[in-house]
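The values are calculated or read from the model by the stated rules, or taken from the named source; none is laboratory data. Note that this is a predicted model, so its numbers are computed, not measured. Here the Cβ is made from the backbone with ideal geometry for all residues, glycine too, and neighbour counts use every protein chain on show.
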Amino acid sequence: MEQGSLAFTAVYLKAKHGYIGFIEELPGVNSHGSTIEEARETLRGLAALIFDEQGRGEQMVTGENVMREPLLVPVPLQP
């Protein structure tokens, strides 16, 4: 499978026990690590999962108590 790449803004915060990282453009994608390198690699892997259709399909929740439906979210229109 051919691969490309996308650029995002990663932010790292020094914490008491290492580093916390998150991607500004992808809410909910965040990581932590003992070192900034560890936090960076974990963050990169988590972000890649979002764009990995095969991985996403394998991790889908299934069962009789699971419902899926389209969710429309209003967004402001550009003038």
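Values for this structure:
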| item | result |
| --- | --- |
| Some residue of region 27-50 being loosely packed, with under 11 Cβ neighbours inside 10 Å, assigned to a helix (DSSP H, G or I), modelled with pLDDT under 80 and out of contact with any Phe, Trp or Tyr (no Cβ under 7 Å at 6 or more places or on another chain) | no |
| Lone qualifier among I20, I50 - being among the hydrophobic types (A, V, I, L, M, F, W, C) and over 8 Å from the mean Cα position of the chain (by Cα) | I20 |
| Test set (1) surrounded by 16 or more Cβ atoms within 10 Å (Cβ to Cβ); (2) at pLDDT below 95 - E24 fails condition number | (1) |
| Subset tally (residues that are assigned to a loop (DSSP other than H, G, I, E, B) and either polar (S, T, N, Q) or within 10 Å of A39 (Cα to Cα) (or both)) for region 1-23 | 3 |
| Pairs with Cβ under 6 Å, 6+ apart, first in region 33-52 and hydrophobic (A, V, I, L, M, F, W, C), second in a helix (DSSP H, G or I) | L49/G55 |
| Residue match in region 51-59 (condition: assigned to a loop (DSSP other than H, G, I, E, B), modelled with pLDDT of 90 or more and either acidic (D, E) or surrounded by fewer than 11 Cβ atoms within 10 Å (Cβ to Cβ) (or both)) | no |
